[in-house]
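See structure below.
Each value in this text was obtained by applying a stated rule to the coordinates, not by laboratory testing. Computed from a predicted structure; not experimentally measured. Virtual Cβ from ideal backbone geometry, glycine too; neighbours counted across all protein chains shown.
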Amino acid sequence: MMKTRITELFGIQYPIILPGMSWISVPELVAAVSNAGGLGVLATGPLSAAETRTSIRRIRELTGKPFGAGVTILMPGARDNAEVVIAEKVPVVVFSLGKDRKLFNRIHDYGGKVVCTVTTIKHAQAAVEAGADALSVVGYEAAGHGSPVSSLVLIPSIVDEMKVPVIATGGIGDARGLVAALSLGASAVSMGTRLSITKESPVHDNSKRLTLEHGMEDTLYSNRFDGLWCRVLKTPQAAKAIRRGMSLPRAFFASVKIARKLKMPWLKVMIGSLLQGGPGLLMKLAHFVIAVEAIEKITLNGDTKNGVQLTGQVQGIIHDIPTVSELMERIIREAREISGLMVRTLT
Ligand SMILES: Cc1cc2nc3c(=O)[nH]c(=O)nc-3n(C[C@H](O)[C@H](O)[C@H](O)COP(=O)(O)O)c2cc1C
């Protein structure tokens, strides 16, 4: 047992969280993390509303412990998934790329907790004003979307400004990272790359192997992959995707896919998006959809020729594929050893 503001808020044993990673944070991995004393968060991004409901119920079959669900507000279908998450009274809901005070209030009404994923102080303030109970603060090192600032500076800056507890996200892979994050003022850590390289993770073996083979310098960080600043594994395909960026013909192609995914007429999707956010939103969604396809190819299918893999700099200190419980036990044991050493060193 470790006691922090986050373990108290969520009712968990250890301040370790599995973020909602598309196709990876599935019920089996979510339950494995929650059963090991952390908090598993289901990724609802690629799921339909019906699949989200089935997944939540499957998690409840696999664990009696608290768990969460992620909602990426910007993505097509996300609001339908949010409705299911609320109807099912999921204990912790993690929002990224957007916030919605009304949804937050409805989660609070059934006793649920709201976490917002942020990368800047401005976003952190807006999230707290909208009612977030905690912030997942994503530093420069992270896989996927991160801050331009490294966690060593970003975490204490946001801790100093905000009253709600902070979850340090990005660059954490072992006990040293956990203890460092706690010393920076965070109340928990969220580990994406590390927990995706475990026995229970459904990431394809090819993709796990690539992560193990690459080092901390083997990533690319660009805003030309999916339109936001995003960290991916450095491969020829990733470099090509970044060079290509987004264009009007590709955006048109992607809009057809969005309409198919939403099972809506193409014209309705176009008009709806244009009314909601103008051409900018449409280009943003198109960029996202194309990137998501490239990520799915490698993560799920192991297609290393055409896929693009999200990965963090922390891959440089990941050398094995343990089970979730082996990893969590090791981190907790070593964190206690490090804290003993710190006490001896500092007194
Ligand atoms: C393979 C992989 C897939 C990911 N997919 C998503 C995703 O679908 N949605 C999301 O918000 N974050 C996603 N992330 C980012 C994580 O939520 C988290 O912010 C990041 O992994 C933290 O950095 P770390 O990898 O250094 O721990 C993904 C990360 C990885 C490694």
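Apply 1/(1 + (r/R0)^6) to the Cβ-Cβ distance of Glu129 and Arg79, taking R0 = 25 Å, and write down the FRET efficiency to the nearest 0.05.
Values: r = 21 Å, r/R0 = 0.84.
After rounding, the FRET efficiency stands at 0.75.
Once the Cβ-Cβ distance between Lys122 and Val256 is put in as r, and R0 is 41 Å, what FRET efficiency do you end up with, to the nearest 0.05?
0.70
Could you list Lys240, Lys297 so that the one with the fewest beta carbons within 10 Å of its beta carbon is first and the one with the most is last? Provide the component values of the computation, followed by the final result.
Values: Lys240 12, Lys297 20.
Ordered from fewest to most neighbouring Cβ atoms within 10 Å, Lys240, Lys297 come out as Lys240, Lys297.
Is region 1-142 best put as rounded, prolate or oblate by its Cα gyration tensor, with a ≥ b ≥ c the root eigenvalues, rounded for a/c under 1.5, and otherwise prolate when a/b is larger than b/c, oblate when not?
Verdict is rounded for region 1-142.
Mind checking the log10 I(q)/I(0) for region 1-50 at q = 0.17, 0.32 Å⁻¹? Debye, one equal scatterer per Cα, no solvent, two decimals.
Debye output, listed in q order: -0.50, -1.09.
Report the one residue of Thr193, Leu282, Gly68 whose Cα lies farthest in the direction of the positive end of the charge dipole of the chain (charges on C-beta: Lys and Arg +1, Asp and Glu -1; origin at the Cα centre).
After comparing all options, I get Leu282.
Select from Ser339, Ala78, Thr169 the residue farthest towards the positive end of the dipole of the chain; place +1 on Cβ of Lys and Arg, -1 on Cβ of Asp and Glu, and compute about the Cα centre.
Ranked along the dipole, the leading option is Ala78.
Membrane-span-like helices in the chain: DSSP H runs reaching 30 Å or more (Cα, own axis), mean Kyte hydropathy at least 0.0?
Long hydrophobic helices here: 266-299, 324-346.
With no solvent and one equal point scatterer placed on each C-alpha of the chain, evaluate the Debye formula and give log10 I(q)/I(0) for q = 0.07 Å⁻¹, two decimals.
Treating every Cα as an identical point scatterer, log10 I(q)/I(0) equals -0.27.
Please give the charge dipole size of the chain, origin at the Cα centre, charges +1 on K and R Cβ atoms and -1 on D and E Cβ atoms. Round to the nearest 20 debye.
Dipole size: approximately 840 debye.
Below 13 angstrom from the Cβ of Lys305, what's the summed charge of the other residues (Lys, Arg +1; Asp, Glu -1)?
Every neighbour counted, the sum reads +1.
Which of the listed residues, Leu182, Leu212, Asn223, is farthest toward the dipole's positive end in the chain, when Lys, Arg count +1 and Asp, Glu count -1 at the beta-carbon?
Checked the options; the winner is Asn223.
Computed over the Cα atoms of region 127-206, what is the ratio Rg over Rh, Rh following Kirkwood?
1.01
Expressed as a rounded percentage, what relative contact order does the chain have, with Cα pairs under 8 Å and six or more residues apart?
Computed value for the chain: 16 percent relative contact order.
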